Amino acid sequence: MNEFLKYLKMIPVIIYPYIYVLILAIFLLFAGILPEDYTDVALIGLLIVAVIYNLYSFIIVIVNAVQAAKGKMTARQAARMNLIIKCVQIPAYIMHFILGFIGLAMSVWGIGFLLWAVLIDLLTILLTGISSIGCSVRMRKEGLVSLPGAIFMGVGCFIYCVDVVIAIVYVVKARKKSPAK
């Protein structure tokens, strides 16, 4: 049950690249229903929710990284969580790539799409990269990777596509040496 709670606290990070679509849909839904006077209030409310969500996400990835590094979870658990986070976010990266391409194809009129896709992707890779640092430290402390390997893979977790490959490598390495739980 304790391991389940570790995954549960990471749900905001797991769904991070998707949540902005939900917030936008809620705003558009209520923008048509609410009187015009309340549209600005709704927008400010959603902005506050977005700021709180971002702050929580950044805090929780730092907490997760520290807990993994300090041994609150095994290398196997940290590697599995890292892989789940990265794999669930793959469709979002594809969606953002398409959105960015559409924005690029629209020239000046699509710059908002392009900037939005790039911003969400950068924030997402930053969050998952920070979380992965704890996994890299745990893998090193358990002797599953060398120090240069941990540094190289820790930096690689901030690079698109490379981060998924590293997450798979971590799971494979952790599975070889760690007993199943």
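The values are calculated or read from the model by the stated rules, or taken from the named source; none is laboratory data. Just so we're clear, the structure is a prediction, and the values are computed from it rather than from any experiment. Neighbour counts run over all protein chains shown; Cβ positions are idealised from the backbone, glycine included. Remember, those area values only see protein heavy atoms, side chains included, never the ligands or the DNA or RNA. Shrake-Rupley method; radii C 1.70, N 1.55, O 1.52, S 1.80 Å.
Below is a table of values for the structure above.
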read-out	value
Solvent-accessible area of Cys161 with every protein chain in place, 1.4 Å probe, in Å² to the nearest 10	100 Å²
Residue among Ala65, Ala75, Ala150 with the largest mean-square fluctuation in a Gaussian network model of the chain, springs linking Cα atoms under 10 Å	Ala150
Backbone N within region 10-27 under 19 Å of label point (7 Å from Ile44 Cα along the Cβ vector)	27
Cα centre as origin, Lys/Arg/Asp/Glu Cβ charges: the chain dipole, Debye	1520 debye
Surface accessible to a 1.4 Å probe, Ser57 within the full protein complex, Å²	0 Å²
Pairs beyond 18 Å (Cα-Cα), from Lys72/Lys176; Lys9/Lys141; Lys141/Lys173; Lys6/Lys177; Lys6/Lys176	Lys72/Lys176; Lys9/Lys141; Lys6/Lys177; Lys6/Lys176
Compactness of region 1-174, expressed as Rg and Dmax over alpha-carbon positions, Å	18.3, 61
C-alpha long axis of helix 111-141 to longest principal axis of the chain, angle in °	20 degrees
Value in Å of the Kirkwood radius, where region 45-111 supplies the Cα pairs that are averaged	14.8 Å
Among 92-98, 164-170, the order from most to least packed when residues are scored by Cβ within 10 Å on average	164-170, 92-98
